[in-house]
Amino acid sequence: MIKPTLRSVITGVGGYLPEDIVTNADLAKTVDTSDEWIFERTGIRQRHKAAEGQYTSDLATEAALKALAAAGRGPQHVDLIIVATTTPDLTFPSVATMVQAKIGAPVGIAFDVQAVCSGFVYALSVADGFVARGLAKCALVIGAETMTRLMDWHDRGTCVLFGDGAGAVVLEGQMGQGTTADRGMLGFSLRADGTKRDLLYVDGGPSTTGTTGKLRMAGNQVFRHAVVNISEAIEASAAVAGVSIDQIDWFVPHQANQRILEGVARRVGLDEHKVISTVSIHANTSAASIPLALAHGIDDGRIKPGHMVLLEAMGGGLTWGACVLRL
Ligand code: ACO
């Protein structure tokens, strides 16, 4: 049945990786690890690192400008900016307000969302809430992180896994017919379980230590939760969207570990050829990894307008979630 429905549609995507590259071999000079171990366990070959004086808002701004150009829009059109980040320049103000000033967007709505690696999926759902209700016409949703600033460079179990980067999408309202043929967001599934906080956290903050702290993780336990939790969220988001897994054209997962994304694809019955994987080139960039992978798949010509795309992520909290959309 046709039911005119306002949808929030991705009209532009952009990614940015800082220039400096740190290879596995580079890390092996300072911690007891090897390219072989890292690649075999994670699929990671290298990560990018923000330069001194280059901040999360700078990476976010680069990605935002690329996404706006891809959408054929300018900063003057933007009335909502949401940045998903767990590594803001400052405790406040938000990175989103900094991006607003840097790109020269007019007075509008701007704030950050903090759900660690799941941040982009959470932020997209929040932006969808604004755009699909007509409260914003042109939104920038950005995932941006300088995760290398949270690393304990003596801890080989974590410092090899993360990198810096940013990705952004432009979301605009477009009328659809209320069916799965519509472009735009079709279904979300978001979850959190605060009882698992000790599996992955940062041991500092403004109200505890007064310092930024360093990332701590029980990697193998996180791994076990990831495959099960993410698979359940994918199935729930597909059910909300009213689509079956075999209707998905592209699986664009959070890029944490090649073994996690393959394990999830296997568990939910997704063809491995439909998986966009960029973890080898930029490691885990937390909230930035999904839009970075999306930009990659669009730039290399695989993902095209009209394709059905599945996004998913899990991160500290624990938080996790998935989204089905038509590009
Ligand atoms: N180089 C060499 N050896 C290492 C390294 C390293 N960089 N890191 C750990 N090891 C050693 C350990 O010390 C341990 O040695 P031991 O057996 O002598 O004690 C051995 O390797 C095995 O350690 P495990 O932690 O059990 O190794 P595992 O196979 O689980 O792989 C990894 C570790 C890669 C961290 C994996 O657990 C993982 O990817 N977990 C998911 C974590 C993640 O992606 N978190 C990101 C946020 S959550 C998310 O995005 C989904």
**OP:** Residues being of a type in the set (A, V, I, L, M, F, W, C) and open to solvent by less than 10 Å² (accessible area, probe 1.4 Å): count how many of those fall in segment 272-283.
**Re:** 3
Subject >> Criterion: over 13 Å from the mean Cα position of the chain (by Cα), buried (at least 20 other Cβ atoms within 10 Å of the Cβ) and of a type in the set (Ser, Thr, Tyr) - qualifying residue of Ser286, Ser237 >> reply: Ser237
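Yes or no, residue by residue, for (1) free of Cβ contacts under 8 Å to residues at least 12 places away in the same chain; (2) within 13 Å of the ligand (Cβ to nearest atom); (3) not charged (D, E, K, R):
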{"residue": "Asn24", "(1), (2), (3)": "no, yes, yes"}
{"residue": "Leu27", "(1), (2), (3)": "no, yes, yes"}
{"residue": "Asp32", "(1), (2), (3)": "no, yes, no"}
{"residue": "Thr42", "(1), (2), (3)": "no, yes, yes"}
{"residue": "Arg45", "(1), (2), (3)": "no, no, no"}
{"residue": "Ala50", "(1), (2), (3)": "no, no, yes"}
{"residue": "Gly53", "(1), (2), (3)": "yes, no, yes"}
{"residue": "Leu59", "(1), (2), (3)": "no, no, yes"}
Subject >> Candidates Leu190, Leu292 - the one that is open to solvent by 20 Å² or more (accessible area, probe 1.4 Å) and either within 16 Å of the ligand (Cβ to nearest atom) or on the phi > 0 side of the Ramachandran plot (or both) >> reply: Leu190
Original post:
If you check Arg216 against the conditions, is it surrounded by fewer than 23 Cβ atoms within 10 Å (Cβ to Cβ) and outside any loop (DSSP other than H, G, I, E, B)?
Top reply: yes
**OP:** Specify the residue that is farthest from Val202 (Cα to Cα); the eligible residues are those in segment 152-181 that are away from the ligand (no atom under 16 Å from the Cβ) and assigned to a loop (DSSP other than H, G, I, E, B).
**Re:** Gln177
Original post:
Is it true that some residue in segment 247-262 is surrounded by fewer than 24 Cβ atoms within 10 Å (Cβ to Cβ), more than 16 Å from the ligand (Cβ to nearest atom) and basic (Lys, Arg)?
Top reply: no
Original post:
Within the bounds of segment 187-196, is there any residue that is in the same structural domain as Thr30 (by TED's automatic domain parsing) and among the aromatic types (Phe, Trp, Tyr)?
Top reply: no
Original post:
Take the residues of segment 72-98 that are in contact (Cβ under 8 Å) with a residue 40 or more places away in the chain and surrounded by fewer than 22 Cβ atoms within 10 Å (Cβ to Cβ): which is nearest to Ala288 (Cα to Cα)?
Top reply: Thr91
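The values are calculated or read from the model by the stated rules, or taken from the named source; none is laboratory data. Remember, predicted model here, so these are calculated numbers, not experimental data. Note that we place each Cβ from the backbone using ideal geometry, even for glycine, and neighbour counts take in every protein chain shown. Accessible surface areas use protein heavy atoms only, side chains included; no ligands, DNA or RNA. Shrake-Rupley method; radii C 1.70, N 1.55, O 1.52, S 1.80 Å.
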